[in-house]
Structures are given as C-alpha cells and as structure tokens.
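A quick write-up on the structure given underneath.
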Amino acid sequence: MNDIRDLYQEVILDHGTRPRNFHPMKDASHQAEGFNPLCGDRITLYLRLEGDRVLEASFEGVGCAISKASASLMTSALKGMTREEAETLFTKFHEMLTGERGGPIAEEVLGKLAVFSGVCEFPARVKCATLAWHTFHAALERKEGTVSIA
Ligand code: ZN
C-alpha cells in the first residue's frame, strides 16, 4: 500500500509542477473561472465541445500542487468524453474524495484520477482537488463570473 501511496504522490507532484494542457485556448466554445478561497487556488478552464463531446480542454491559473494536478489530470481525462461520461466520472471522483463510498478505489473507473484517493484524509484539500471539476460544470452551464466553491 505504501508503494501505491508513493506512486500516487509522485503523479500529483509531477502534474502539479508540470501541468499538462496548461495554456489558454483561442477557439474555446466554453470557458469559466473558478476560485477556492480556502487555499487561494484560481483556475480558468477552456473547453471546445462539438455537440455533446469534449474535443479539447485546457486551463490556466495559480494554486497549490493539488489544484494544478487535478486540473491537469481532469483536462487530460475529459478529452473525447461526452458530457454524460464526464458527469459520471465526476460523481465517482467526488465519492472517492469525500469517502462517501467505502471499499477499494475503482481505479478501472477513475483511471489516473485515483491518485487523489489519499486526499479524502485531508478534508481541507478536497476543495483543491474538486475546484477544476466545479469550474468544468460552470463552463458547461455557461455561468457568468467566477465560481467560488467555499
Ligand atoms: Zn489548493
């Protein structure tokens, strides 16, 4: 188990310090800003959807390693997904983080997002890990202004 923990920690650090999809998008069809006042994390999320499918996802922002890693892994995971698939993934991700569902982590469902499983032991960091996802929701719903998740 400790080996898995170390591996997860490494992935978070890697994505936190060298986030993927970290750039603005000129031809975004959806965009939203998110803010986590508890930690000071800020993110601008860009999406390009065709019909119901996410073709491209990218982000910019400042924040802690967890918030950046989460946005990095989320934008990677979203590419090619339908809105419904993304919703399902978010529900599972949220259940894992809040510990609503006990038992083993469904890595086959969550894929790389399982690296955040340890975050459920640190409730204050859950918002860091979910900020990108709440911002994703706001982008889909075309909400104006900044989404604050406190
Ligand atoms: Zn944070």
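The values are calculated or read from the model by the stated rules, or taken from the named source; none is laboratory data. Because the structure is a prediction, the values reported are computed rather than measured. As a convention, Cβ positions derive from the backbone with ideal geometry for all residues, glycine included, and neighbour counts pool all protein chains shown. What goes into the accessible areas is simple: the full protein's heavy atoms, side chains included, and nothing from ligands, DNA or RNA. Shrake-Rupley method; radii C 1.70, N 1.55, O 1.52, S 1.80 Å.
In segment 59-95, of all residues being surrounded by 22 or more Cβ atoms within 10 Å (Cβ to Cβ) and of a type in the set (S, T, Y), the one that is nearest to F136 (Cα to Cα) corresponds to T75. Summed over segment 12-27, the residues that are in a helix (DSSP H, G or I) and touching a Phe, Trp or Tyr at 6+ places or on another chain (Cβ under 9 Å) give a count of 1. For E87, the stated conditions hold: it is among the charged types (D, E, K, R), part of a helix (DSSP H, G or I), more than 16 Å from the ligand (Cβ to nearest atom) and free of Cβ contacts under 8 Å to residues at least 60 places away in the same chain.
Here's a check for you: in segment 33-48, which residue that is open to solvent by less than 30 Å² (accessible area, probe 1.4 Å) and away from the ligand (no atom under 11 Å from the Cβ) is nearest to L131 (Cα to Cα)? Result: G34. Filter segment 123-145 down to residues that are in a helix (DSSP H, G or I) and basic (K, R), then give me how many there are. Total meeting the criteria: 2.
Being away from the ligand (no atom under 16 Å from the Cβ), small (G, A, S), assigned to a helix (DSSP H, G or I) and open to solvent by 30 Å² or more (accessible area, probe 1.4 Å): is that true of A114 here? Against the criterion (away from the ligand (no atom under 16 Å from the Cβ), small (G, A, S), assigned to a helix (DSSP H, G or I) and open to solvent by 30 Å² or more (accessible area, probe 1.4 Å)), A114 does not qualify.
Here is a yes/no grid of residues against (1) more than 24 Å from P123 (Cα to Cα); (2) in contact with a helix residue (DSSP H, G or I) (Cβ under 9 Å, 6 or more places away or on another chain); (3) of a type in the set (G, A, S):
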{"site": "F22", "(1), (2), (3)": "yes, yes, no"}
{"site": "D41", "(1), (2), (3)": "no, yes, no"}
{"site": "G51", "(1), (2), (3)": "yes, no, yes"}
{"site": "K68", "(1), (2), (3)": "no, yes, no"}
{"site": "T88", "(1), (2), (3)": "no, yes, no"}
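Among the numbered conditions (1) over 28 Å from E108 (Cβ atoms); (2) free of Cβ contacts under 8 Å to residues at least 12 places away in the same chain; (3) hydrophobic (A, V, I, L, M, F, W, C), tell me where A28 comes up short. So A28 meets the others, but not (2). Taken as a whole, segment 97-104 holds no residue that is open to solvent by 30 Å² or more (accessible area, probe 1.4 Å), among the basic types (K, R) and under 22 Å from V147 (Cα atoms).
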